[in-house]
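> Pasting a structure here, questions to come.
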Amino acid sequence: MSFTTGPSRWSDVWLATAARGISSCGDFLAASALALALQSAGAGGLAVSGLLLAAALPLVALAPLTGRLADRVDSRLLLTITGLAQAATCLALAYAGHPVLVIALVALLATGLAVTQPVLSALVPAMVRAEDFPRAGALNQTAGTLGALAGPALAGVLVGGFGTRVPLLVDAVSYLALVAAGLLIRTRRGGRRSVPASTGGTGLAPAWRLGRDPLLVVMVGSLAAVVAAVGAINVIEVFFIRETLHSSTTVYGLVTGSWTLGIVIGGWLFARVARRLTDDGALLGAGLALLGGCCLAVLASAAVPSAWLLVPIWLAGGVGNGGDNVFNNLLLARRVPEAARGRAYAVFGAAVQGAGMAGYLAGGLLLAVAEPRPLFVGCGVVGLLVVAAAAAPVRRAVRAERGGQVAARGAELATQSPLR
């Protein structure tokens, strides 16, 4: 692992935090506005799932390319050009009328997100010392989740008062924050900065592969499996809250924001815990336990008679979600070489987004044959079963990791011993 060797650059952390928060608010504002517009126009679950799939597919399909871009191209150049392109795309989306054009522009918007996500994620560890990374990661996560919290709520208010165009215009302006961040952040990576000495200046990235690290493989696999199991609720929730629980668009925005508020709380709560967990196996096990808590919250939400009762349940689920995010980011930062972090975060994001896409598709198909409430029950139960099934691979990976550490320490002591 590699963090900055000098003092932590907190001004850069705050700039990256602000950029992520503002652009994240715009992302969720647009997604929620378009989902509400489809639902209000009488569209079914397949239409909503199609929109979500268009927003997620580029993050999965382009991960091999965007991860390498994040490692090989100057981060300042990527942030400024991509931010301008996303602003222009969202401006066009505000005036698009045909559904096919809307979906194409949503996919183009997500293509920009596929570039900026690994760039910003890989920049944060380079800004701070190792001991400051949990705090910096929590700040960055807080920005993203506060944006996700404000986005749906703002969409509910703006769509109800002004229609779909105004939220999309606001979203276009929000992407200029990425341009400002690209120009103002002093920490830079990519290009010549990411060429390690071992390459002899050839510009080739180090031969890092996710499959060579069993602990990371299990972390990514278990998280993706849980996301696939419960991801359908992202499609189902708008019908559950609006039709089953008979709530307004404003209530929908406020209730869905409770999960993201929980992520903020969980990020800060578990950032303190993460600083004390020096053992990577303990981080992995704790993260799996928190995923189980998220699935339990999904299952419990199926029993509520009113949308407002979802707030404390989803708040608790979000706390677990936020803690798991902190642990996952810390594991990646510790175990991946600095010059390969763009690819690592892109692969990680692609796995989660791909699993989410499976959930979106399942949600759209299941809504055609079942009511939202029993589908929530099914998602919660399947999620808990997946967590239980993942426990054994997690234990094996942790035992292998600790066994390897013991063997490495023994070999080191043997080489230092004066006895022959």
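> Residue under question is Thr260, and the condition is that it be closer than 30 Å to Phe239 by Cβ, over 16 Å from the mean Cα position of the chain (by Cα) and in a helix (DSSP H, G or I); does it hold? Lay out the reasoning, then the answer.
Numbers: closer than 30 Å to Phe239 by Cβ: yes; over 16 Å from the mean Cα position of the chain (by Cα): no; in a helix (DSSP H, G or I): yes.
No, not satisfied.
> Is one or more of the residues making up segment 78-86 more than 19 Å from the chain's Cα centre (by Cα) and modelled with pLDDT under 80?
Taking every residue of segment 78-86 in turn, none turns out to be more than 19 Å from the chain's Cα centre (by Cα) and modelled with pLDDT under 80.
> Quick one: is Gly317 within 17 Å of the chain's Cα centre (by Cα) and modelled with pLDDT of 90 or more?
Working: within 17 Å of the chain's Cα centre (by Cα): yes; modelled with pLDDT of 90 or more: yes.
When the stated conditions are applied, Gly317 passes them.
> What number goes with the only condition from (1) aliphatic (A, V, I, L, M); (2) at pLDDT below 85; (3) open to solvent by 10 Å² or more (accessible area, probe 1.4 Å); (4) in contact with a Leu (Cβ under 7 Å, 6 or more places away or on another chain) that Ala37 does not pass?
So the condition that Ala37 fails would be (4).
> Residues in segment 70-88 that are closer than 13 Å to Leu120 by Cβ and not polar (S, T, N, Q): how many?
Total meeting the criteria: 5.
> Test Leu309 against the criterion of being surrounded by fewer than 20 Cβ atoms within 10 Å (Cβ to Cβ), part of a helix (DSSP H, G or I) and of a type in the set (A, V, I, L, M), and give yes or no. Walk me through how you get there before you give the answer.
Numbers: surrounded by fewer than 20 Cβ atoms within 10 Å (Cβ to Cβ): yes; part of a helix (DSSP H, G or I): yes; of a type in the set (A, V, I, L, M): yes.
Spelling it out, Leu309 is indeed surrounded by fewer than 20 Cβ atoms within 10 Å (Cβ to Cβ), part of a helix (DSSP H, G or I) and of a type in the set (A, V, I, L, M).
> State the number of residues belonging to segment 331-345 that are open to solvent by 10 Å² or more (accessible area, probe 1.4 Å) and either closer than 16 Å to Pro64 by Cβ or of a type in the set (A, V, I, L, M) (or both).
Residues of segment 331-345 open to solvent by 10 Å² or more (accessible area, probe 1.4 Å): 334-335, 337-339, 343, 345.
Adding the requirement that they be either closer than 16 Å to Pro64 by Cβ or of a type in the set (A, V, I, L, M) (or both) leaves 339, 343, 345.
Adding up the residues that qualify gives 3.
The values are calculated or read from the model by the stated rules, or taken from the named source; none is laboratory data. Model, not experiment: these values are computed from the prediction. Reconstructed Cβ throughout: ideal geometry from the backbone, glycine too, with neighbour counts over all protein chains shown. To get the accessible areas, we keep the full protein, side chains included, count just its heavy atoms, and leave off ligands, DNA and RNA. Shrake-Rupley method; radii C 1.70, N 1.55, O 1.52, S 1.80 Å.
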